[in-house]
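The values are calculated or read from the model by the stated rules, or taken from the named source; none is laboratory data. For clarity, every value in this text was computed on a predicted model and none was experimentally measured. Here the Cβ is made from the backbone with ideal geometry for all residues, glycine too, and neighbour counts use every protein chain on show. Only protein heavy atoms, including side chains, enter the accessible area calculation; ligands, DNA and RNA are left aside. Shrake-Rupley method; radii C 1.70, N 1.55, O 1.52, S 1.80 Å.
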Amino acid sequence: MIPLHGRAAWIGYGVVALAILFIVGPTAWIFLNSIKYQIAIYSGAWVFEPTLDNYIDVLFSRRSDLVHNLWNSFVVAGLSTVAVLVVGSLGAYGVHRWFRSRLFAKLLMGWVLIFHMIPVITLVGPWYLFFQSLGLYNTLLALVLTHITINLPMTMWIMLTYFNEVPTELREAATIDGCGDFTTFRRIILPLVGPGLVSSGILSFVFSWNEFAIALNLTARDTATVPVAIARFAQQFEIQHAQMAASSMIAIVPALLLMVFGQRFIVRGLTTGAVK
Amino acid sequence: MKFQFATAFAAASALAFAAAGPAAAQAPFADVGKHPEISILINSSPWFSGFEKAVDLYEKQTGNKVKLDVTPYGGMLEKARNAVRAANSPYDILNLDALWTIEFYEGSFLKPFAEIDQGFALPAGVLTFEDSNYWNAQRRWRTRDGGQLMGYSPNGNIHVLYYRDDLLKQAGLQPPKTWDDVSAICQKLKNPPGMYGFVTRGEKGNPIRYDWTPFLQGAGGSIVKAPQDGDYTVTINSPQAKQALDKYIELQKNCAPPNVGVIGQGDVIQLLATGRAAQGLAVIAAWSTFDDRQKSAVVGKINTAVVPAFAGRNPGVAIGNWVFAVPKNVSAERQRGALAFSRWFLTAGAQRAYAEAGGIPVRSDTFASDLAAKPEFRWMKAYLDSQQFARQELGYAEGAQVEAVLGLRLNQALIGEMSSARALNTAAREIEEIFQRGGRRTGKLDALPE
Amino acid sequence: MKDDFLNRTFRHWSMWPCLAFLLVLSVYPVLQLVPMALSTIKITGEGTFWTYSPRRNLDLLLGDAVLRDAVVNTLVFVVLSVAIEMVLGFFAALFIACMPRGRNFARTVMILPILLPAVAIGSMWKLMFNYDFGLFNQMVGVIGLDPINWLGDTRWALLSVVIVDVWHWTPFVFLILFASIETLPQDVLEAGRVDGATAWQMISLIILPLLGPALAVAALFRAIVAFKAFDQVYLLTSGGPGTSTELLSLHLNRVFFEQNQLGYGAMLSLTIIAVIVATLAVGKWSASQIERKRMGQ
C-alpha cells in the first residue's frame, strides 16, 4: 500500500488509534477484572488490591482442568485448521478451475452457504447420534471432523475469490512450460494466494478455538475444550466473573502465539514451494 | 401429605433445638458394597464443591469410583437429552432441573428405582420438594400417590428473603413478615442509587416467572386450576394474580434500580453483595456469596427470613430443585452402582459432610441438627421454616411453553408496555391455546377489566 | 517424478475431500429439516414417533405472537451491525495498511475480540452496561450526564446489543479486508497517485472496485453469522425487556430447545434460512444497482 504523508498521515493515525482504543479498551477492562477479587468487580472499583488468586484458581485448583482443556483446544483447532485449509482450497480450486460457470459449481457453493445458515442447535442433535453410533462420542476426532465441516463454507468462499484473482495467463504459461495440473496448483497458484490462506486459516482457527455448542455436545470432561470450560463459570445462580476473566485471558495467549507462528509457517511453506 | 411434612418438620425442629450441641446424633454411613465406577452428569454451581467433597468421602469410604462430568448449566439439558436418546447413556446418574423432569419421566427414559432394587426406600426425612421425584404415569403427575420413585433431590433451591440485619437493627426494624413490611422497610432505608430498598429479578423468561411466583402463590393465585386432577382451566387472570402482579410491580418500581426489566441473578447478587440493597428476594443458592470476603462487602451482615406474605395469608415459596435420576439405557450393574451411591449419599453422615462442605443438604434432620446454630449456617432456620409453604409450579409437559408466555407478558407489564390486567388476560388466552393444542381439559376465567 | 500421477488425476480428485465432508456431515441434517418441519415429533425411550402435521406447524407459525417482532428486530440488528462493521473494518484495514510501521502489531491487537469466547463477552459486557456499577455509566458520570439505562430501556437495548456485536465482529471484516488490501496491485495504485487522484477518488474509484469480491465475501459471511447471533444477546438481555431485543435465534432456541418442539422448531429454522436468503438477494440486487449506476456515470 501507499504510505500516507502529512495531514493524511495524522488523520490515518488518529483513526487507527481510535479503532484500537475501541477494540482494546474493553479487552483491557476484562484483563483488569482478571486481577480483581469478585467484590471489586461487582462494585466496579478502579482502586483495588490486585491479586493473582484467580489465575492460580483456574490453573491449579482441583476442580480445574484448564491446562488439559487448552491442550484439547490446541489439538482440535490446530488439526481442523490445517485440514480445512487443505480440503477447502482443493475444493475451491476445483470449483474455480473445472466447474467454473457450470451448474454444479453454483449448486455446490450455494449448498455450503445454505449449510452455513443452519442454526447450529438443529445440527448438534443428529451429529451427536451419528458420532455416538460410530463410537466417536467423547473423542477429539469427532470434534476435528465437525469443525472442518463448519469452517468449510467460509474457507471455500474466501479461497475462491483469491483463485479468481489469479491472472489466467500465469496458469497458461505454466501449462505451456510443461507443468501438470497439480504442479501448477502447488508451485504457481498457491504461493499467489498466500494471504487468502492466512486469513482463512486465522478465521478457521479462531472459530474452532471458540466453538461452544458442538464441543459441548460431543465431549465430556476428558475431551472438553476451553470454551466449554469457561462456560462452567456461568453458573445457574452465580457468574464467577473473576475466574471467567482470568481463564479467558489465559486462553487468548496460546491462540495469539499460534496464529503468529502458524502464519509464518504457512507463508514459509508456500515460498519454499515456489522456489523449488 | 402436606400435613405430614409440616408435622415432620415441626417435630424435627423441636428436637433440634432441644438437642442442639455436640451430642447431636452422628448417624452412621451406610455400607453399600463394591460396585463398578459410575459417572454423573452434574452442573457447576455454588453447591458443587460441597457435592464434590461428599463424593471424595464416598470414594474414600467405599473404594468405589465416581466420575463427575461438570457441565455448564446452559448445557445440562442438551447433554441429558443426548444421553437418554442414544443407544447407551454415558452417564449413570443425570442431574435434572425439576422443570425438565416431566419430559424425562413421561418419555420413559429413566429407570424407576424399584426396578433396580425392590427394597430401595428413601430414608425418612429426605425432602422430596412436593414429590418432584415421583411419577404417576396414569395421572401424568408427580406424586407418590400411585407414583413410582424415579430419583431424589441432591439440592433443593427455594426462595428466601435476604435482608441487611445490621441496617434493620440500626433503624430499630424487625425482619419483614409481609409485603407491606417490605414496602415500609424499603421506604425507610432506600436512598438510591446508594441504597435500593428491595431487589429481585425482572429479566424476561424464567427469571421473572420464577421470582414472581412467590407473589402469585402468596396471594392465593395459581396458573391453572387443578392440574393434579387433570383440570387445566387457566386461572392466571384471577383478581388474586392481579393483586400479586401489582404488588410485585409496585415494589420493583418504588424500590429497585431503574433497569428492573433486565435484572438477572447476577445483578441481584451484585446489588446485595456490594451493600447497595437493603432487601432482596432470591434463591438460597445465592447465600454462599454473601459470607465470602472475596465476593462480598457485607460479610456477616446479611440474614435470611421466610418469604414475606400478603396480610392474613400464608407466604408463597417457589421450589427450584434438582433431581438425580438413573437412565434406562445403562447396564444393570451400573444402575446398581448408581443406587449404591444414592443410598450412601442420603445417609445422615453423608448429608452432614455435604452441608459442612458448602452444599445444601436434603435431609430435614441435618437442618435441625446443631449445624443450624452455627453463625455460618444461620440461613438454615429460614430454609426449614419455609418448607411447609414450598410449592412446585409448571409440573406438566407444557411447562416450558407456559413459562415462555408468562416470562414475556409479566416482563411487559413490569416495564409498562401493558397494564397488569392486560398482561394477565393475554397470558391466559395464550396459555389456554397451549393446553388446547396439548389436548387437555381446559378453559379460562372471565377476562379481568382492562 | 511422483507428481506425475497426481498431475494426471488432479482434476478428478481435488473435489473429493470437500464433497466427502459435505455428504457425510451436512446433507443428512440439512435435508432432515424439511420432513421435520412438516411433522410433530415425539422422542421417547421406546423410539421416535413422527406425525405428519404440516397444517399444525403452519398454524403455529402464523399465530406466533413474537415472530413478527423477532423478524423485525433481527433485520434491524443484522443490517445495523453488518453496515457499521463493514465501514469500520474497511477504514481500519485501509489506514493500518497505510502505516509505514507497526502494521503487524496493530493487526494482532485488532483481532483480540474474536479470540474471546462468546460466554465471556456476554457476561463481561453485561457488567460494563450495568446501570449502577458499569464502566459506561462511570464514564457517562465523569462527563456529568445522567446514567443511561443501556439494557433496561427498550429504546437503548437493541442499540447496546449492536454495539457489542460491532466490537466483537469488526475484527472479522478487518482481517479479510486487510489481507486483500495488502495484495492490491501496486502499479495501479501508483498510477492513480501519479495522475493526481485525491484520497477520496483513490478509495472510491480504485480501491473499492478492486476490493469488490473481498467486500462481498466479508459482508456475506458477516450477515449469515449475524442472523444466527445467539450467546451474547442471550446473556445480555434474553431478548428483553419486552420484545425489544428478541431475535429469531433466541426464539428458535426457546421453541426447539427449551420447549422441545422439534417439528415447529425445524419450521422456524427453515423460516430463518428463508429470511437470510431473501435478505442476501436484496443485498445482491442493491449492490448490482449501485454498480450499474457507477458504470453509467
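Restriction of the chymotrypsin sites (Phe, Trp or Tyr not before Pro) in the range B:166-243 to DSSP coil positions whose beta-carbon has at most 12 other beta-carbons within 10 angstrom yields no sites. In plain terms, if you count all Cα to Cα distances in chain A and split them into 5 Å steps from zero, the share in each step is 1, 5, 10, 12, 13, 13, 13, 11, 9, 6, 3, 2, 1, 0, 0 percent. Near the amide H of B:Val323, within less than 5 Å, lie the amide hydrogens of B:Leu96, B:Asp97, B:Ala98, all on another chain or at least 5 residues away, with H placed in the peptide plane.
May I ask you to list the residues of the range B:283-316 whose amide nitrogen lies under 18 Å from a point 7 Å from Cα along the Cα→beta-carbon direction of B:Ala357? Once the point is set 7 Å along Cα→Cβ of B:Ala357, B:288 turn out to lie under 18 Å by backbone N, inside the range B:283-316. Cα centroid distance between the range C:134-193 and the range B:82-112, in Å? The distance from the Cα centre of the range C:134-193 to that of the range B:82-112 comes to 44 Å. Mean partner shielding of peptide A:17-24, defined as the number of other chain Cβ atoms within 10 Å of each residue Cβ, is 6. For the range A:1-62, the list of chymotrypsin sites (Phe, Trp or Tyr not before Pro) that fall in a loop by DSSP and count at most 11 other C-beta atoms within 10 angstrom reads A:Trp46. Per-residue Karplus couplings for the range B:284-291, computed as 6.51 cos²θ - 1.76 cosθ + 1.60 with θ equal to phi - 60°, are listed in order as 5, 4, 6, 3, 3, 5, 6, 9 Hz, Gly and Pro entered as x.
For helix A:121-133, what angle does its Cα long axis make with the longest principal axis of chain A, in degrees from 0 to 90 and rounded to 10? Computed tilt is about 80 degrees. The spacing between the range B:155-183 and the range C:200-214, judged by their C-alpha centroids, is 65 Å. Annotation: amide H of B:Lys67 within the under-5 Å range of B:Ile38, B:Ser39, B:Ile40, sequence separation 5 or more or interchain, hydrogens built in the peptide plane. Enter the angle in degrees (range 0 to 90, nearest 10) between the Cα long axis of helix A:241-275 and the first principal axis of the Cα atoms of chain A, meaning the one along which they spread out most. The angle comes out at about 20 degrees.
Tell me the carbon and sulfur percent of the accessible area for chain A, rounded to whole percent, probe radius 1.4 Å. Within chain A, the accessible surface is 71 percent carbon and sulfur.
Filter A:Lys106/C:Lys42; B:Lys177/B:Lys242; B:Lys169/C:Lys126; B:Lys67/B:Lys111; B:Lys169/B:Lys374; B:Lys204/C:Lys284 down to the pairs with a C-alpha to C-alpha distance above 25 Å, please. From the list (A:Lys106/C:Lys42; B:Lys177/B:Lys242; B:Lys169/C:Lys126; B:Lys67/B:Lys111; B:Lys169/B:Lys374; B:Lys204/C:Lys284), the Cα-Cα distance tops 25 Å for A:Lys106/C:Lys42; B:Lys169/C:Lys126; B:Lys204/C:Lys284.
Each DSSP beta bridge with both residues in chain B is either parallel or antiparallel, and the antiparallel ones are about 60%.
For the range A:2-79, trypsin sites (Lys or Arg not before Pro) are listed when DSSP marks them as loop and at most 16 other Cβ atoms sit within 10 Å of their Cβ; the list is A:Arg62, A:Arg63. Accessible surface calculations at 1.4 Å, restricted to protein heavy atoms, place chain B at 34 Å² per residue. Between the range C:221-284 and the range A:56-114, what is the C-alpha centre distance in whole Å? Using only Cα atoms, the two centres lie 24 Å from each other. Nonpolar atom fraction for the range B:18-127, defined as the carbon and sulfur part of the 1.4 Å probe accessible area, stands at 54 percent. When chain A is treated as a GNM with alpha-carbon contacts under 10 Å, the residue of A:Gly262, A:Gly88, A:Gly201 showing the greatest mean-square fluctuation is A:Gly262. Less than 5 angstrom separates the built amide H of C:Thr44 from those of C:Phe49, all sequence-distant by 5 or more or on a different chain. Taken per residue, the accessible surface of the range A:52-275 reaches 37 Å², heavy atoms only and a 1.4 Å probe.
If I take R0 = 51 Å and measure r between the Cβ atoms of A:Phe265 and B:Ala311 in this structure, what FRET efficiency does the formula 1/(1 + (r/R0)^6) give, to the nearest 0.05? For R0 = 51 Å, the calculated efficiency reads 0.10. Using Stokes-Einstein with the Kirkwood hydrodynamic radius over Cα pairs, what translational diffusion coefficient do you get for the protein assembly as shown at 20 °C and a viscosity of 1.002 mPa s, in µm²/s rounded to a whole number? Translational diffusion coefficient: 70 µm²/s. Our estimate of slack between B:Lys34 and B:Val299, defined as 0.36 nm per intervening residue step minus the Cα-Cα distance, is 91.0 nm.
Note that the range A:146-163 has calculated 3J(HN,Hα) couplings of 5, 5, 4, 5, 6, 8, 4, x, 5, 4, 5, 5, 4, 5, 4, 5, 5, 4 Hz, one per residue in order, obtained from phi through the Karplus relation 6.51 cos²θ - 1.76 cosθ + 1.60 (θ = phi - 60°); glycine and proline are x. Restricting the calculation to alpha carbons of the range B:158-318 gives Rg and Dmax of 15.7, 51 angstrom. Of the residues B:Lys328, B:Lys188, B:Lys295, B:Lys204, ranked by 1.4 Å probe accessible area with the largest first, the sequence reads B:Lys188, B:Lys328, B:Lys295, B:Lys204.
When the accessible areas of C alone and A alone are added and the area of the pair subtracted, with a 1.4 Å probe, the result is around 8200 Å², both sides summed.
Most simply put, the protein assembly as shown has about 65% antiparallel DSSP beta bridges, counting only bridges with both residues inside it. What the Cβ-Cβ distance of C:Leu58 and B:Arg144 gives, at R0 = 35 Å and to the nearest 0.05, is a FRET efficiency of 0.25.
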